[in-house]
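Trainee: Below: one structure in structure tokens.
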Amino acid sequence: MRKLRFKNGHAMPALGLGTWKSEQGEVYSAVKTAIELGYRHIDCAPIYGNEQEIGVAIAECIHENIITREDLWITSKLWNDSHARTDVIPALQKTLEDLQLDYLDLYLIHWPVAIKKGIDFPTTANDFVSLNEIPTTETWEGMEEAAKLGLAKHIGVSNFGIKALQNLLAHCTIRPEMNQVECHPYFQQGALLSFCKANDIHFTAYSPLGSGDRPDAFKASDEPALLEDPVLIKLAEKHNCSVAQIIISWNLHRSTSVIPKSVNAGRIQENLESEDISLSSEELQSIANIDKDYRLVNGKFWVVEGGPYTLEGLWS
Ligand code: A2P
């Protein structure tokens, strides 16, 4: 199993199970199946609304001696309504309670966007808190405390662009060790990936398969169909595998982590088997050539009339 090495010697399995959009009632068996099949990295977040059920699956796997806690790499994220310095640890403690864990392997600021306490998803400008009121550097102090208390072995961010990372790097005491962002062959994130590598920040690709199960409200009508790309289909035929496996393998070849979501046992297994695919440099170049710089999770839901966030500011 490919791993990403951290400075302190810890190793994160590069391929993890995504759980965004995994519904209650199905995520328990998805996580249990994944662990039984050999997954050792589960990516979570409280806003996905399923951490309690994931916690039951993890606890059972440990209780049944399928794995130990130390075998697992569990990531979760701080939701936008808990960005105030003093809200970070309580939010983390709630996640730990739901996941039935004493610590996380990795805790991330989910978005560089703050919203009012208790609001899951903002609908009006009044629901937001600007970054002038709560800068991400203040939130980061809470994340550093989480690391110092041993509640999170590693800390990082998600959905941060280069400018947001530079700002954090300039002010932090403990450096962020991960940036988790959308990444797939139609949105390859070349500049951001290079920046992260140059600054010793690991990179996790979310929505690697294009997140076709996103709510319609988060979709554009003219989105390109990643899984139907002719270059990827040809590669899949050549390797006698699926397009999804080619995409996952491509991510692994770029030395990033990748977290395909599935609640289907067959596809959970299929995705794991992507580890066995070897792509040549010519094949990797042919995938490099199909980049469309097309962001699927475009963040428009953070931009409301009169609100403090703009798309340019968000992704810069
Ligand atoms: P399912 O959960 O029914 O398997 P992403 O990881 O980019 O968010 O994509 C998740 C979507 O891709 C879900 O709809 C998931 O469906 C589907 N999916 C997961 N694995 C595969 C696969 N190997 N082939 C095709 N679709 C997949």
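Trainee: Please count how many residues of region 15-33 are away from the ligand (no atom under 12 Å from the Cβ) and hydroxyl-bearing (Ser, Thr, Tyr). I'd like the intermediate steps shown before the answer.
Mentor: Here is the first cut: in region 15-33, the ones away from the ligand (no atom under 12 Å from the Cβ) are 24-25, 28, 31-32.
Going one step further and asking which of them are hydroxyl-bearing (Ser, Thr, Tyr), we end up with 28.
Looking only at that region, the number is 1.
Trainee: In addition: Looking at (1) open to solvent by 60 Å² or more (accessible area, probe 1.4 Å); (2) closer than 30 Å to residue 274 by Cβ; (3) within 20 Å of the chain's Cα centre (by Cα), which one does residue 101 not meet, given that it meets all the others?
Mentor: (1)
Trainee: With among the aliphatic types (A, V, I, L, M) and open to solvent by 10 Å² or more (accessible area, probe 1.4 Å) as the only criterion, which of 42, 66 stands out? Quick ask: steps written out before the conclusion?
Mentor: Numbers: 42 fails: open to solvent by 10 Å² or more (accessible area, probe 1.4 Å).
Criteria check complete, one pass: 66.
Trainee: When you check residue 295 against the structure, is it modelled with pLDDT of 95 or more, within 23 Å of the chain's Cα centre (by Cα) and in a loop (DSSP other than H, G, I, E, B), yes or no?
Mentor: On the way: modelled with pLDDT of 95 or more: yes; within 23 Å of the chain's Cα centre (by Cα): yes; in a loop (DSSP other than H, G, I, E, B): yes.
Answer is yes for this residue.
Trainee: Would you check which residues across region 217-232 are more than 10 Å from the ligand (Cβ to nearest atom) and open to solvent by 60 Å² or more (accessible area, probe 1.4 Å) and list them?
Mentor: First, the residues of region 217-232 that are more than 10 Å from the ligand (Cβ to nearest atom): 217-225, 228-232.
Within region 217-232, 217, 219, 221, 222, 228, 230 qualify.
Trainee: Please go through region 184-217 and give me each residue that is under 22 Å from residue 48 (Cβ atoms) and in contact with a Phe, Trp or Tyr (Cβ under 7 Å, 6 or more places away or on another chain), ordered by number.
Mentor: 187
Trainee: Collect the residues in region 233-250 that are touching a helix residue (DSSP H, G or I) at 6+ places or on another chain (Cβ under 6 Å), within 8 Å of the ligand (Cβ to nearest atom) and not β-branched (Val, Ile, Thr), keeping them in residue-number order.
Mentor: Hits for region 233-250 are 242, 245.
Trainee: Still on this structure: Only one of (1) farther than 21 Å from residue 181 by Cβ; (2) open to solvent by 10 Å² or more (accessible area, probe 1.4 Å); (3) over 20 Å from the mean Cα position of the chain (by Cα) is not met by residue 167, so which one is it?
Mentor: Only one criterion is unmet by residue 167, namely (1).
Trainee: I need the full set of residues from region 75-94 which are farther than 15 Å from residue 131 by Cα and crowded, with 24+ Cβ neighbours inside 10 Å, in order please. Give the derivation first.
Mentor: Filtering region 75-94 for residues farther than 15 Å from residue 131 by Cα gives 75-78, 86-94.
Scanning region 75-94 gives 75, 76, 77, 78, 88, 92.
Trainee: Just to verify a result, which residue in region 173-195, among those that are more than 16 Å from the chain's Cα centre (by Cα) and open to solvent by 30 Å² or more (accessible area, probe 1.4 Å), is farthest from the ligand (Cβ to nearest atom)?
Mentor: Here the residue is 173.
Trainee: Here are some conditions: (1) open to solvent by 50 Å² or more (accessible area, probe 1.4 Å); (2) more than 30 Å from residue 6 (Cβ to Cβ); (3) within 11 Å of the ligand (Cβ to nearest atom). Residue 214 meets all but one. Which one does it not meet?
Mentor: For residue 214, the failing item is (1).
Trainee: Here's something else I'd like to know. Just name the residue that is least open to solvent (accessible area, probe 1.4 Å) out of those in region 275-296 that are within 16 Å of the ligand (Cβ to nearest atom) and farther than 17 Å from residue 234 by Cβ.
Mentor: By that ranking, first place goes to 296.
Trainee: In addition: For region 251-271, does any single residue satisfy the condition of being in contact with a strand residue (DSSP E or B) (Cβ under 6 Å, 6 or more places away or on another chain), more than 9 Å from the ligand (Cβ to nearest atom), polar (S, T, N, Q) and part of a loop (DSSP other than H, G, I, E, B)?
Mentor: Yes, region 251-271 contains a residue that is in contact with a strand residue (DSSP E or B) (Cβ under 6 Å, 6 or more places away or on another chain), more than 9 Å from the ligand (Cβ to nearest atom), polar (S, T, N, Q) and part of a loop (DSSP other than H, G, I, E, B).
The values are calculated or read from the model by the stated rules, or taken from the named source; none is laboratory data. Just so you know, these numbers come straight off a predicted model, no measurement behind them. Neighbour counts run over all protein chains shown; Cβ positions are idealised from the backbone, glycine included. Just so you know, the surface numbers come from the protein's heavy atoms only, side chains and all, with ligands and any DNA or RNA stripped out. Shrake-Rupley method; radii C 1.70, N 1.55, O 1.52, S 1.80 Å.
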